[in-house]
Amino acid sequence: MACARLWSAQRALYRLGLGAEGVELSVGVWGIRRGWGLSYTAGMETRPLTFFGMTLRNLYRQRLRTSLTILGVSVGVVAMVAFTAVVRGMWAATQGSITAGGTDLLVFQKGVAGDIFSSLDEKKTEASLRAVPGVADVGAALTHVMPVGGKPFFITFGVRPDDYSSKSTTLIAGRTIKADDEVALGKLAASALDKKVGDTLSIWGREYKVVGIFETEVVFYNGALVMNLTALQKLTKRPGLVTTFQVKVAPGEKPVEVSWRIEKANPDVVAIASASQYNKVDNGLDMIAKLQVAVSVLSTIVGGLIVLNTMWMSVHERTKEIGVLRAVGWSRRRVIGMILLESLGVGVMACVIGTPLGFGLANATTLWSTTNRFIQPVFDAAPVLVSMVVGVALSILGGFAPAWRASRISPVEALRYE
Amino acid sequence: MSDAKNANGAQAIRAAGLVKRYQNGQITALDGLDLEVRAGEFVAVCGPSGCGKSTLLNLIAGIDRPDAGELAVFGKRAATLTEVETDALRSGVIGLVFQLHNLLPQLTAAENVQVAMMPGERTAAQRAARAEELLTRVGLAHRMNALPPTLSGGERQRVAVARALANSPKLLLADEPTGALDSKTGGQLFELLGEIQRELGMTLLVVTHDEHIAARAGRVVRILDGKVC
């Protein structure tokens, strides 16, 4: 078939006298079936067979089994990619929540089980923070999670409208809150509650007027409701208390150094400059990151076992063929290479299929109003890299034992094998 | 069929007191066998089933090891060769034809021939060209891209011969190459082996239990109970 005769890098390699086995290239889609590779074959009746082409042919030969194996391994890759994208999204959102509105540090109560349980005296703590050298400005926020408009978990922030952090919010409709009976909604929150500027919202029997809709880069904030700090303190019966302080450091000051000063001056608080320090107040992110590692390891082991099973069966069925290859001069190393390349092919194909599906699954969380206010997956190179590393790892893990077994096949015994 | 002009006096195979036992020594396949084959000779090894013919071939090919005795192929002593060297010997110096063709079913005739050349220095295109050349030589120019299941028994064995010749071996070993063929096809294949041996001047050692076919070789060696008789 003329269509299969592709001009290739290999042709150039031949010209350079570099066409030896180790540098041959061979890829193809329809070429897999016939073992076509990127090989120059003009004027020939036959197709050059490369080592890689032969590997693909071996996989194609048992296409149902190969497909099912790829599918099985893909499931693990999907879980891993989706999880990685979601976890990275949570890290990005956490980092974003620290630095939103020009904030450099977040201050919480020390020794609490989670950031939501932090409780600080508004006036006393603010005064101590402002006294710390290098602190330029301070904002306060009370955070509460409560049912709103039929949504069971709704993040509500109580803020002071005059704080620097409140002024940096980007409004896409209406205005900022002023009175205690006014609320502003994040873009996702407005969508989830189906509210617009001018509508009213009932929270615990009290009516609030929606005066603004805002947008930030932080998914938690976009899915949140904002009201006056005093109003939320009254509503939650926590007068004079806040959850966190946002701290802006003075120009030229390093946030980390200021955080040390804050913690030294006030032993009852922790100051956080980055998401990596968030475990000082909340282990949730750490736990999720560990869960991600566990999912990755589990996916690798399960995927490796699937590849192991498939390749073991494949080697067993091809005992005689492998014996013939050994008899015609193939070294043990070459046989190992062939089996490992086959298992690597399965792993790579599983990654190629699983990675976009994993992104799709992660993206599905943004379509559901219950989850899209908390999760904003990050689609960058990291999940792809993780899936590739795991794909290669499980291929080697699953392919090595069958490859080793294949290399130990005695040609004499294999030739007698039926 | 004379191979006198090919035989150059150099020793291709030298076996002295070759012993091979199986099943923990309960079965003796070769019992002190002595054999010398000159380079360029066409030798047929005959004998009844179980006399040790195939065992001898396997030992010469380096796919099995003797328990005792001396064996040298083109001066290389089997006992001193490493596994890598033995592999190199099989991929460069020795060509093997089995009783059953043992072709890889998923590969075409030409690709089966190419597989034997993969360990060598040739590029994929060079291997394909060589496969074409050899298949044309064995009369299969029209069947190069056929898969083994679509080939007749004789055609498959011709492909196996082409595969064995792929690396221009100095020694071609054939283990009952006509065993699975009818007498006419078997005769043709034997004729082909003889022609190629004469053309290329290689050493040809054929194991057969068919005395009529063996008679076409330059020399016939008979084995009985693991010894040359």
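The values are calculated or read from the model by the stated rules, or taken from the named source; none is laboratory data. Just so it is clear, the model here is predicted, and its values are computed rather than measured. With ideal geometry, Cβ positions are generated from the backbone for all residues, glycine too; neighbour counts draw on all protein chains shown.
Results, tabulated for the structure shown:
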{"quantity": "Subset tally (residues that are surrounded by 13 or more Cβ atoms within 10 Å (Cβ to Cβ) and over 34 Å from the mean Cα position of the chain (by Cα)) for region A:249-267", "calculated": "3"}
{"quantity": "Test: A:Gly329 is at positive phi and within 10 Å of chain B (Cβ to nearest Cβ)", "calculated": "yes"}
{"quantity": "Within region B:15-45, considering residues that are among the hydrophobic types (A, V, I, L, M, F, W, C) and surrounded by fewer than 22 Cβ atoms within 10 Å (Cβ to Cβ), the one modelled with the lowest pLDDT", "calculated": "B:Ile27"}
{"quantity": "Matching option when the condition is more than 14 Å from chain B (Cβ to nearest Cβ), at pLDDT 90 or above and within 23 Å of the chain's Cα centre (by Cα), among A:Leu340, A:Leu344, A:Leu357", "calculated": "A:Leu357"}
{"quantity": "Unmet criterion (only one of (1) surrounded by 19 or more Cβ atoms within 10 Å (Cβ to Cβ); (2) at pLDDT below 90) for B:Ile60", "calculated": "(2)"}
{"quantity": "Region A:396-411 residues that are within 14 Å of another protein chain (Cβ to nearest Cβ), paired with ones that are outside any loop (DSSP other than H, G, I, E, B) and small (Gly, Ala, Ser) (beta carbon under 7 Å, 6 or more apart)", "calculated": "A:Ile409/A:Gly323; A:Pro411/A:Gly323; A:Pro411/A:Ala327"}
{"quantity": "Segments classed as helices (runs of 4 or more DSSP H), wholly inside region A:203-284, with at least 2 members that are basic (Lys, Arg) and over 30 Å from A:Val87 (Cβ atoms)", "calculated": "A:255-265"}
{"quantity": "Selection within region A:104-114 - surrounded by fewer than 22 Cβ atoms within 10 Å (Cβ to Cβ), of a type outside the set (A, V, I, L, M) and either touching a strand residue (DSSP E or B) at 6+ places or on another chain (Cβ under 9 Å) or over 30 Å from A:Phe359 (Cα atoms) (or both)", "calculated": "A:Gln109, A:Lys110, A:Gly111"}
{"quantity": "Filter result (buried (at least 24 other Cβ atoms within 10 Å of the Cβ) and either within 14 Å of another protein chain (Cβ to nearest Cβ) or more than 19 Å from A:Gly391 (Cβ to Cβ) (or both)) within region A:281-313", "calculated": "A:Val281"}
{"quantity": "Residues of region B:72-112 satisfying the condition of being more than 27 Å from B:Ala141 (Cβ to Cβ), aliphatic (A, V, I, L, M) and either surrounded by 24 or more Cβ atoms within 10 Å (Cβ to Cβ) or within 11 Å of chain A (Cβ to nearest Cβ) (or both)", "calculated": "B:Val73, B:Val84, B:Ala88, B:Leu89, B:Val93"}
{"quantity": "Number of the condition not met by B:Cys51 [criteria: (1) within 19 Å of B:Leu172 (Cα to Cα); (2) part of a loop (DSSP other than H, G, I, E, B); (3) away from every other protein chain (no Cβ under 14 Å)]", "calculated": "(1)"}
{"quantity": "Test result for B:Ala128, at the interface with chain A (Cβ under 8 Å from one of its Cβ atoms) and surrounded by 24 or more Cβ atoms within 10 Å (Cβ to Cβ)", "calculated": "yes"}
